[in-house]
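Student: Structure below; questions to follow.
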Amino acid sequence: QEQLVESGGGLVQAGDSLRLSCATSGRSFTNYAMGWFRQAPGKEREFVATITRSGGGTKYAESMLGRFTVSRDNAKNTVYLQMNSLKPEDTAVYYCAARLWDSSVHVTDYRYWGQGTQVTVSS
């Protein structure tokens, strides 16, 4: 069973950057595609980015294209989300999630979730 722990959130100003990390404790990290999602107050949890097991394939939500980059280090069992040019509308709790085998953009396809890390972007 995978356990996921996010870190790296915080309070920043518009235009700043943050890098989120998600460390996993399972022994089979390379069997899992990883995803990042976010949830703002009063809104549904939404897809941000996903990365394949090898790290060779990525996909992003349209509003994050060109600003966010997902990556993974399989030797460290960790996935990252580099967020640049942050906007106030990026304010949310960010979650990482693990899905066996293939990546997906759908919340319901992911079995394991972290506890989330808060990102707040002030204008």
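Student: What number in nm² do you get for the chain if you take the convex hull of its Cα atoms and divide its surface by four? Write down the numbers at each step before the final one.
Tutor: Details: hull surface 26.8 nm².
Over all viewing directions, the chain projects a mean Cα-hull area of 6.7 nm².
Student: Follow-up question, since we're still on this one. Write down the accessible area per residue of the stretch 54-123 in Å², having rolled a 1.4 Å probe over the full set of protein chains.
Tutor: 52 Å²
Student: Now, a different point. Per residue and in cubic angstrom, what volume does the convex hull of the Cα atoms of the stretch 75-123 have?
Tutor: Details: hull volume 5.5 nm³, N = 49.
Hull volume over Cα atoms, normalised by residue count, gives 112 Å³.
Student: Computed over the Cα atoms of the stretch 22-66, what is the ratio Rg over Rh, Rh following Kirkwood? Present the calculation step by step, with values, prior to reporting the outcome.
Tutor: On the way: Rg = 12.5 Å, Rh = 12.0 Å.
My calculation of the ratio gives 1.04.
Student: Calculate what fraction, in whole %, of the accessible area of the chain sits on carbon and sulfur atoms when a 1.4 Å probe is rolled over the protein chains. Could you put the intermediate results ahead of the total?
Tutor: Numbers: 2830 of 6370 Å².
Ligands and nucleic acids excluded, carbon and sulfur reach 44 percent.
Student: So how do VAL119, VAL107, VAL5 rank on accessible area, 1.4 Å probe, biggest first, that is with the largest at the start? It would help to have the intermediate numbers written out before the result.
Tutor: Working: VAL119 0, VAL107 50, VAL5 80 Å².
Final ranking, largest accessible area leading: VAL5, VAL107, VAL119.
Student: Determine the dipole magnitude for the chain: charges of +1 sit on the beta-carbon of Lys and Arg, -1 on that of Asp and Glu, nothing else is charged, the reference point is the Cα centre, and the result goes in debye to the nearest 20. Before the final figure, lay out the partial values.
Tutor: Numbers: 13 positive and 11 negative charges, 52 e Å.
Taking the Cα centre of the chain as origin, the dipole is about 240 debye.
Student: OK, next. Can you list the aspartates and glutamates whose alpha carbon is less than 18 Å from that of LYS43, not counting same-chain residues fewer than 8 positions off?
Tutor: GLU62, GLU89, ASP90
Student: Now, a different point. Which aspartates and glutamates does LYS59 reach when only Cα atoms under 14 Å apart count, and residues fewer than 8 places away in its own chain are ignored?
Tutor: Once the sequence-local aspartates and glutamates are set aside, what remains near LYS59 is GLU46, ASP102.
Student: Test of understanding: what is the full-extension gain from ALA40 to ARG111, defined as 0.36 nm times their sequence separation minus their Cα-Cα distance?
Tutor: Details: separation 71, 0.36 × 71 = 25.56 nm, distance 2.08 nm.
So the chain would gain 23.5 nm between ALA40 and ARG111.
Student: Something else now. Remind me, relative contact order of the chain in percent, using alpha carbon pairs under 8 angstrom and six or more residues apart? Before the final figure, lay out each step's value.
Tutor: Details: 315 pairs, mean separation 44.8, N = 123.
Here the relative contact order equals 36 percent.
The values are calculated or read from the model by the stated rules, or taken from the named source; none is laboratory data. If you're wondering where the values come from, they're calculated on a predicted model, not measured in any experiment. In this analysis, Cβ positions are derived from the backbone assuming ideal geometry, glycine residues included, and neighbour counts consider all displayed protein chains. With ligands, DNA and RNA removed, areas are computed over all heavy atoms of the protein, side chains included. Shrake-Rupley method; radii C 1.70, N 1.55, O 1.52, S 1.80 Å.
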